[in-house]
1. Exposure proxy check: T25, T37, T165 ranked by fewest other beta carbons within 10 Å?
2. Diagonalise the Cα gyration tensor of region 4-70 and give the resulting equivalent ellipsoid semi-axes, square root of 5 times each eigenvalue, largest first, whole Å.
3. So, in nm, how far is label K86 from label A190 when the simple model puts each one 7 Å beyond its Cα toward the Cβ?
4. Mind checking Rg over Rh on region 162-209, alpha carbons, Kirkwood formula for Rh?
5. Kirkwood Rh, Cα Rg: Rg to Rh for the chain?
6. Which one of Q199, T37, T84 has its Cα pushed farthest toward the positive end of the charge dipole of the chain, where Lys and Arg give +1 and Asp and Glu give -1 at the Cβ?
7. Can you sort L94, L45 so the residue with the fewest Cβ neighbours within 10 Å comes first?
8. Using a Förster distance of 41 Å, how high is the FRET efficiency between I54 and Q210, based on the Cβ-Cβ distance and rounded to 0.05?
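Since every read-out is calculated from the coordinates, none of them should be taken as a lab result. Predicted model, so just to flag it, every value in this text is computed and none were measured. Methodologically, a virtual Cβ is constructed for each residue, glycine included, from the backbone with ideal geometry; neighbour enumeration extends over all protein chains shown.
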Amino acid sequence: MIVRINGKVEYVGEDVVHVTVGELTHELLVPSADIPTLQTKVGQLVTFFTLEYIEGNASFGQLAPKMLGFLRADDKDFFNVFITVKGIGPRKALRALAIPVGEIASAIALKDARKLATLPSIGKRAAEQIIAELHGKVEAFATSGSGARPGGGVAVVSHLADHETQAIEVLVKLGERRPEAENWVQRVAAADPTIKDAQKLVQGVYRLKQGV
C-alpha cells in the first residue's frame with residue numbers, strides 16, 4: 001500500500017487531483033476543503049498522505065481501486081476514524097470535509113449537531129449519528145473556531161507548504177510530538193517567510209527552542 005507520495009500537481013478538479021511522480025500520474029480523491037489550496041499548487045511539488053480502497057459492487061464485477069490524498073497526516077488519521085460511522089463511506093466523508101478537520105472534531109466534541117448538519121452530505125440524522133459514535137474519540141483533532149485547541153494548546157493551520165510538512169515529519173522522527181512540531185515549524189516560518197527549505201526550518205526550530 002502506498003502511504004505517501006510527493007509529486008507535481010498537474011490538474012485540480014472538483015474533487016480530484018492528478019499528481020505526477022516520475023513517469024506515473026496518479027489520480028487522487030481529496031477532501032473538498034483542500035481544493036482551493038491545491039488550485040494554487042498546480043505545477044508545484046506537493047506531499048500527500050494517501051489511502052487506498054476498492055470502490056464498486058463485486059456482485060456486478062464493477063470494482064475499481066481508488067487512492068485518497070490528504071495534505072496533513074492528522075487529516076488522514078481523522079478520516080480513518082470518521083468513516084467508521086455507519087453510513088459514512090469514503091466519498092461521502094470527503095465531501096463532508098468541507099471545513100478544517102479541527103473544526104469538525106470540535107463540533108463533535110461539543111455535540112454541536114447543528115454545525116455538523118451544515119456539512120455537505122450530512123443532514124440532521126447523520127450529524128446525530130456521528131456524535132453518538134465519535135464523541136470522546138476525536139478530541140485530539142479538535143480546535144475551536146478561534147484556532148485554539150481545547151485545553152489551551154495551540155492549533156495547527158489546516159494547510160502547510162510542502163517544506164513545512166517535510167520539516168514536521170523530520171521533527172516527529174527526532175522524537176517531537178506532532179502538535180508541538182507543527183507549532184514550532186509555523187512559528188519559525190512566520191518569523192522568516194523567506195525560509196523555503198525543510199532542513200533550515202528544522203534548524204530554526206531548535207534555535208528557537210534554545211532561545212537563540
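1. Working: T25 13, T37 16, T165 23.
Ordered from fewest to most neighbouring Cβ atoms within 10 Å, T25, T37, T165 come out as T25, T37, T165.
2. On the way: eigenvalues 108, 34, 19 Å².
The equivalent ellipsoid of region 4-70 has semi-axes of 23, 13, 10 Å.
3. Each label point lies 7 Å from its Cα, and together they span 4.3 nm.
4. Computed over Cα atoms, the ratio is 0.90.
5. Reported Rg/Rh, Kirkwood definition of Rh: 0.99.
6. T84
7. On the way: L94 24, L45 14.
By the 10 Å Cβ count, ascending: L45, L94.
8. 0.25
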